[in-house]
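Encoded as structure tokens, the structure appears first; notes follow it.
The values are calculated or read from the model by the stated rules, or taken from the named source; none is laboratory data. Since this is a predicted model, take the numbers as computed values, not measurements. Positions of Cβ are generated from backbone atoms using ideal geometry, with glycine treated the same way; all protein chains shown enter the neighbour counts.
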Amino acid sequence: MADRIFAGVMLLVTLAYGWLAFFAISAPFQYDPLGPETWPQILSIVTALCFAVILLRPDTDSMQVARPTWIRLSLTVVLLLGYAELYERLGFIIATALFGTLASRMLGATWLKGFLFGAVIGVAGYLLCAELLELNLPSGLLTF
Amino acid sequence: MSEVLNGLATGFGVALSPFNLMLVAFGCFAGTLIGALPGIGPINGVAILLPIAYGLGLPPESALILLAGIYYGAEFGGRISSILLNVPGDAGAVMTTLDGNPMARKGEAGRALSISAIASFIGGTVAVVLMTLFGPLLSKFAVAFSPSDYVALMVFAFASLASLVGANPVKTLVGASMGLMLATIGVDANTGVTRYTFGVPDLLAGIDFLIVVIGLFGMAELFHLVEQQATGKLKTLPIDSSFVKWADIVFGRWTLIRSSLIGFVIGVLPGTGASVASAVTYGTEKRIAGKSGTFGEGDVRGLMAPEAANNASAAGAMVPMLTLGIPGSGTTAILLGALLMFNIQPGPLLFTQHPEIAWGLIASMYIGNIALLIINLPLVGLFARMLTLPQHYLTPLIAILAFIGIYSIVGNPFDLFMIIGLGIFGWILRKLDFSLAPVILGFVLGSLFENNLRRALSISGGDWGILVQSWQSLFLYGLAVLVVIVPLILSRRRRA
């Protein structure tokens, strides 16, 4: 069933891709006989056929993910989105310390060890990557 | 022959510079560690560290030497957790659990680890020697390729991908074609027409390769680790003082040679890498040994075969990448993309135009194999201790490394959301048994495939017949048909 849903959604995406290739993409003038539209047209046909086959003959019944796992995965996504959102605003050190603490706590560390992990990675990671290797990382609230 | 010697001299000149030597050593060490940690394989390790290597501003040959070291280092290290934990460190080490772990349970962990280290070394070295000999030959053969021959080569590459990777060929094929579709986003270089950009300026130059790689391999791996989160603690078997004996090597010499050769050939085939190579050689050795073998209960040959093969395949996979511009495995697809980011198009001319890259890489692999043997024999206890590193620290660390890598390229926080989205997509694909390697292969080869097709049709003035006119292309189409049919016949015969 999971297979069918995925293949169905992707088939729609592919059809939209193909529709654009057949009716929207065209060059005002071109020197090669194929132009920019032929290749996407071929791809959309092949891909649509493949998804149609999967839709008719699926082989993976379900994702087999238990409810607690779904919750853990959704929490991970939320944590990652928060990390991305705060990355520039708070800066690498604070955002990483927060993310490291919460993520390792969620995955089974104690609060104290999780906090230590987050703080160490935040500070050491910044010193190593931004100061020593001169990579571009946001300093955010803490300015040096 | 003198050309090979000259090339090797150039290569060692590059690889023996102190800075590059340090990168080889670091790459091999990091690779062994990445391979040893259960779950994270070479492809994820290279993906996660690629943007950082790029951000450091290394010259292209140094970046390639480092990333390649991580790649074959991980094939080396994958065996450690297979033997000690009975959990494969990566996909290429799955077969190693079958005989490696029983040996460790019998109290021969030290022997199993040292035998497999030597098997890995032999596999890797045999393959690099073959690469040195055949790489330049293949590139000379391919210099004469016309655009239509390249189209045939691509068809062969995708045919062998669909036929040999994954259980369901349709899913492999659709993965590759999704990658090809992703590659069409952006401005068409021939006509200046925008395709699928929907007016978003960030998409004009196409979707960034690094974002696709980190999303599909780094972040998807992270979700996979969170999902698999083990509750109990993994226990490693102790390493005892038993060690490889000369007699073991003499006993397994034919196994080592056969497996290295088979591994190399499978590595060269586009798209197929370590997991196929180790499975095929294990099966072959088991059949050859027949009743005399104790496969599955700790047979030395069952340990040597997959380990020699997975290292040989890693070097083999680099041959088509360097000489034809077609990656031999998922990980080399990422290496190819890395070279493209440095504006270097791997292909038949690489050996003459950029000898420092092609030969530097080959020379560094000779050094790397020796370095890995040294790292892996005495220091194996250190890696074994790291296996017990709790997953709840390792998993967040992947996200932190991925964020550092992506942010440090252009400093655009929007990219961070992109990799999270692609990571979710990649995780769903994996859950539904689509393999991800074909997607990246398609993405990397997309523009090459399309441009050669268009060039061929320009030459012929729109006549599709040009695609089947040269003997090279007919030969490649023949190979493509073979690679699809032979496995079908073999599996039918096995069932009958």
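Scanning the range A:52-67 for residues that are more than 7 Å from every other protein chain (Cβ to nearest Cβ), over 22 Å from B:H224 (Cα atoms) and out of contact with any Asp or Glu (no Cβ under 6 Å at 6 or more places or on another chain) returns A:A52, A:L55, A:L56, A:R57. Return yes or no: is B:G206 within 29 Å of the chain's Cα centre (by Cα), within 14 Å of another protein chain (Cβ to nearest Cβ), free of Cβ contacts under 8 Å to residues at least 40 places away in the same chain and over 30 Å from B:P378 (Cα atoms)? Yes; evaluated as a whole, the condition is true for this residue. In the set A:A2, A:A66, which member is aliphatic (A, V, I, L, M) and touching a residue at least 24 places away in the same chain (Cβ under 8 Å)? That would be A:A2, the only listed residue that is aliphatic (A, V, I, L, M) and touching a residue at least 24 places away in the same chain (Cβ under 8 Å). Do the conditions hold for B:I370, that is, is it surrounded by fewer than 16 Cβ atoms within 10 Å (Cβ to Cβ) and either modelled with pLDDT of 90 or more or among the basic types (K, R) (or both)? Judged against the criteria, B:I370 is a match.
Each row is one residue, and each column tells you yes or no for (1) surrounded by 15 or more Cβ atoms within 10 Å (Cβ to Cβ); (2) at the interface with another protein chain (Cβ under 7 Å from one of its Cβ atoms); (3) closer than 14 Å to B:Y196 by Cα.
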{"position": "A:I5", "(1), (2), (3)": "no, no, no"}
{"position": "A:S26", "(1), (2), (3)": "no, no, yes"}
{"position": "A:F29", "(1), (2), (3)": "no, no, no"}
{"position": "A:E37", "(1), (2), (3)": "yes, no, yes"}
{"position": "A:V46", "(1), (2), (3)": "yes, yes, no"}
{"position": "A:C50", "(1), (2), (3)": "yes, yes, no"}
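All of B:G45, B:G11, B:G7 fail the test of being under 15 Å from B:I70 (Cα atoms) and not aliphatic (A, V, I, L, M), apart from B:G45. Only one of the numbered conditions (1) free of Cβ contacts under 8 Å to residues at least 40 places away in the same chain; (2) among the small types (G, A, S); (3) closer than 30 Å to A:V53 by Cα is not met by B:A157, and that is (1). Could you grab me the full set of residues in the range B:188-201 that are more than 30 Å from the chain's Cα centre (by Cα) and of a type outside the set (S, T, Y)? B:N190, B:G192, B:V193, B:R195, B:F198, B:G199, B:V200, B:P201 - these are the residues of the range B:188-201 that are more than 30 Å from the chain's Cα centre (by Cα) and of a type outside the set (S, T, Y). Count of the range B:311-344 residues, restricted to those that are without any contact (Cβ under 8 Å) to a residue 60 or more places away in the chain and not in a helix (DSSP H, G or I), is 1. A:S44 meets the stated requirement of being in contact (Cβ under 8 Å) with a residue 12 or more places away in the chain, touching a Phe, Trp or Tyr at 6+ places or on another chain (Cβ under 6 Å) and of a type in the set (G, A, S).
Each residue in the range B:60-89 was checked for being under 22 Å from B:G337 (Cα atoms) and either of a type outside the set (S, T, Y) or at pLDDT below 85 (or both), and 13 of them qualify.
Restricting attention to the range B:233-243, does a residue exist that is closer than 21 Å to B:L50 by Cα and within 28 Å of the chain's Cα centre (by Cα)?
No, there is no match, as no residue in the range B:233-243 is closer than 21 Å to B:L50 by Cα and within 28 Å of the chain's Cα centre (by Cα).
Filtering B:L204, B:L210 for residues that are among the aliphatic types (A, V, I, L, M) and closer than 19 Å to B:A47 by Cβ leaves a single hit, B:L210. The set of residues in the range B:475-496 that are surrounded by fewer than 14 Cβ atoms within 10 Å (Cβ to Cβ), in a helix (DSSP H, G or I) and not charged (D, E, K, R) comprises B:F475, B:G478, B:V481, B:I485, B:V486, B:L488, B:I489, B:L490, B:S491. Applying a threshold of 7 Å to beta carbon distances and a minimum spacing of six or more residues, or different chains, the list of pairs starting in the range A:120-142 at a residue that is under 10 Å from A:I93 (Cβ atoms) and facing chain B (nearest Cβ under 9 Å) and ending at one that is of a type in the set (S, T, N, Q) and part of a helix (DSSP H, G or I) reads A:I121/A:T96; A:G122/A:T96; A:G125/A:T96; A:L137/B:S408. Name the residue that is farthest from the other protein chains (Cβ to nearest Cβ), counting only residues in the range A:110-119 that are out of contact with any helix residue (DSSP H, G or I) (no Cβ under 8 Å at 6 or more places or on another chain) and aliphatic (A, V, I, L, M). By that ranking, first place goes to A:L112.
Of all residue pairs spaced 6 or more apart or on separate chains, those with beta-carbon atoms under 7 Å, a first member in the range B:182-195 that is within 9 Å of chain A (Cβ to nearest Cβ) and a second member that is surrounded by fewer than 16 Cβ atoms within 10 Å (Cβ to Cβ) are B:T191/A:A27; B:V193/A:A27; B:T194/B:L204.
So that you can scan it fast, the table gives a plain yes or no per residue for (1) out of contact with any strand residue (DSSP E or B) (no Cβ under 6 Å at 6 or more places or on another chain); (2) closer than 16 Å to B:E307 by Cβ; (3) outside any helix (DSSP H, G or I):
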{"site": "B:S62", "(1), (2), (3)": "yes, no, no"}
{"site": "B:F76", "(1), (2), (3)": "yes, yes, no"}
{"site": "B:P88", "(1), (2), (3)": "yes, yes, yes"}
{"site": "B:D99", "(1), (2), (3)": "yes, yes, no"}
{"site": "B:R111", "(1), (2), (3)": "yes, yes, no"}
{"site": "B:M131", "(1), (2), (3)": "yes, no, no"}
{"site": "B:F134", "(1), (2), (3)": "yes, no, no"}
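With respect to (1) among the polar types (S, T, N, Q); (2) farther than 30 Å from B:D463 by Cβ; (3) at pLDDT 90 or above, the lone exception for A:T69 is condition (3). Select from the range B:395-446 the residues that are out of contact with any Lys or Arg (no Cβ under 7 Å at 6 or more places or on another chain), more than 7 Å from every other protein chain (Cβ to nearest Cβ) and assigned to a loop (DSSP other than H, G, I, E, B) and write down the one among them that is surrounded by the fewest Cβ atoms within 10 Å (Cβ to Cβ). Top of the filtered list is B:N412. Only a single criterion out of (1) under 27 Å from the mean Cα position of the chain (by Cα); (2) of a type in the set (A, V, I, L, M, F, W, C); (3) buried (at least 19 other Cβ atoms within 10 Å of the Cβ) is not satisfied by B:A456, namely (1).
Please verify whether the range B:64-73 includes one or more residues that are part of a helix (DSSP H, G or I), touching an Asp or Glu at 6+ places or on another chain (Cβ under 8 Å) and among the small types (G, A, S). Among the residues of the range B:64-73, not one is part of a helix (DSSP H, G or I), touching an Asp or Glu at 6+ places or on another chain (Cβ under 8 Å) and among the small types (G, A, S), which makes the answer no.
This table checks each residue for (1) of a type in the set (A, V, I, L, M); (2) crowded, with 24+ Cβ neighbours inside 10 Å; (3) at pLDDT below 90; (4) more than 27 Å from B:L98 (Cβ to Cβ).
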residue: B:G296; (1), (2), (3), (4): no, no, yes, no
residue: B:A305; (1), (2), (3), (4): yes, yes, no, no
residue: B:A309; (1), (2), (3), (4): yes, yes, no, no
residue: B:A317; (1), (2), (3), (4): yes, yes, no, no
residue: B:M321; (1), (2), (3), (4): yes, yes, no, yes
residue: B:I326; (1), (2), (3), (4): yes, yes, yes, yes
residue: B:Q353; (1), (2), (3), (4): no, no, yes, yes
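Within the range A:88-109, the residues that satisfy the criterion of being within 10 Å of chain B (Cβ to nearest Cβ), surrounded by fewer than 22 Cβ atoms within 10 Å (Cβ to Cβ) and not small (G, A, S) are A:E88, A:R89, A:L102, A:R105, A:M106, A:L107. Being more than 7 Å from chain A (Cβ to nearest Cβ) and closer than 24 Å to B:L336 by Cβ is the requirement here; does B:S491 meet it? In short, no.
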